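What follows is one structure encoded as structure tokens, with my remarks underneath.
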Amino acid sequence: MKERIGFVAIGQAGGNIGRLFEKKGFPVLHVNTSQEDLDTLDDVKFIYHITGGEGCNKDRHKAKQLVIDDFDNIAQEIDLKLNTDIVYVIFASGGGTGSGAGPMLMDLLIDEKKIVGAITILPGTKESIKAQINSYECFSELIEIQGSASVLVLDNEKGEKLSLNEELVEVYQDFIEIPEKHKSIKGNIDKAEMEETMKTHGMAVMVKAKEAGSVGLIKALHETSLAPIESDGTVKYIALSSKGEIEVADIEKVVGIPLDTFQTYNEEATVCMISGLSYPKTRLNAIYQKIKDNQDMIIKNLKATSEMKLNADVNFLTGLSAHSPKQPKDDKPKSKRDIMSKYFKG
Ligand SMILES: Nc1nc2c(ncn2[C@@H]2O[C@H](COP(=O)(O)OP(=O)(O)OP(=O)(O)O)[C@@H](O)[C@H]2O)c(=O)[nH]1
Ligand SMILES: [Mg+2]
């Protein structure tokens, strides 16, 4: 399965996670606006420095503009380096480069008929207001991308960043290996079922439980370092290799009733992917609330250095960016221009 899945790792966090996937044997293209950040990835194979980029210092607009201006080269690089069925774009939502470039790049690649999922990261609750604002804006774009495949959301509130990276890549790798490694007369999961689960739109979780049976899996779902599953019952597929007997009905009580369940068995650990979930509303609402709670202070501080006004709601700081967007050039196909324009609304 590994050769069927490629990763575009954007920004610092994307790079850190991408490098781990590369070590596991997946094809990875590392993209950044900052040459300095790319220089920290001295052991990776494919690197692309976005033309004209000098880092984005948490400015999502800057990243978007750079992607617009260099999209043809980025797309060409992805075609050359990642000849895979599915592409996952990896980016933190709280920074500038990955957060700004990630959703728009996904949208543009989907327009090229690619199957595109994402691995993204929520900032910890104690991170800066700027990180929270970027994250909220990033998710508001991500949620609008109707044609995307599964989106895994790491939650930095759940632990130390680098350990979270390791954990995610390990469970991802274990999941991908199910068709090759786990075979049972009681049932198998084939590659088509794996792909169906991964290509499904919406948030997804992947967990691993050493403890056998339903109890182990339910505990893993509660303790996951991915964003928590909403209790609204939205779910499409469960793909599961169980250690011991797992009653799907027990899992349905936690995640809702899926359209289909693919199940096989093994003796080491339960590995499970659940896809077609809704986005982490509760967590995103808390981010929104934190921004709102601090809005007066932000406005006051920004007014002290800028005469411009703060826009309401989602595009919290639009207009205060030092970089007002240039419209995409006319030489791009209309669908691309429409997508690009969408990311500069507000
Ligand atoms: N889980 C995890 N989170 C990370 C890692 N590195 C940074 N972060 C988080 O990612 C956010 C910052 O994003 P970065 O990836 O550093 O930013 P960037 O995309 O390089 O963008 P700029 O440097 O602002 O241009 C913050 O919320 C950090 O906590 C990492 O390796 N793992
Ligand atoms: Mg960076």
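Read the figures in this text as sums done on the coordinates, not as results from a lab. What you are looking at is a predicted structure, and each value in this text was computed from that prediction instead of being measured. Counting neighbours? That spans all protein chains shown, and the Cβs are built from the backbone with ideal geometry, glycine included.
Miscellaneous remarks
- Square roots of five times the Cα gyration tensor eigenvalues for region 133-217, Å: 27, 19, 11
- Amide H within-cut-off set for VAL31, under 5 Å, with H built and near neighbours excluded: ALA9, ILE10, GLY11, TYR48
- Peptides 200-206, 77-83 ordered by packing proxy, namely the average of other Cβ atoms within 10 Å per residue, highest first: 200-206, 77-83.
- The calculated FRET efficiency for the pair HIS49 and LYS23, based on their C-beta separation and a Förster distance of 30 Å, comes to about 0.90.
- Three-way shape label, region 75-221, alpha-carbon gyration tensor, a/c 1.5: oblate
- Rounded if a/c under 1.5, otherwise prolate or oblate - region 11-120, Cα gyration tensor axes: rounded
- Computed on the chain, with alpha-carbon pairs under 8 angstrom and 6+ residues apart, the relative contact order is 15 percent.
- Calculated from backbone phi, Karplus (6.51, -1.76, 1.60) coupling profile of region 246-258 in Hz, x at Gly/Pro: 10, 7, 4, 4, 5, 6, 4, 5, 8, 10, x, 9, x
- Where only DSSP H runs of four or more residues are counted, the chain gives -14000 deg cm²/dmol as its mean residue ellipticity at 222 nm, each run worth -39500 (n - 2.57).
- The mean sequence separation of alpha-carbon pairs under 8 Å and at least six residues apart, normalised by the residue count of region 214-301, gives a relative contact order of 35 percent.
- Surrounding net charge for LEU82, when Lys and Arg each add one and Asp and Glu each subtract one, Cβ distance under 11 Å: -1
- Distance between the pseudo-spin-label points of ASP85 and SER335 (7 Å out from Cα toward the beta carbon): 2.2 nm.
- Among residues other than GLU127 with Cβ under 14 Å from its Cβ, the summed charge is +4 (Lys and Arg +1, Asp and Glu -1).
- Taken one residue at a time, the phi angles of region 39-51 give Karplus couplings (6.51, -1.76, 1.60, θ = phi - 60°) of 5, 6, 9, 6, 10, 9, 8, 10, 10, 10, 8, 4, 3 Hz. Gly and Pro are set to x.
- Computed from the alpha carbon atoms alone, the convex hull of the chain holds 127 Å³ per residue.
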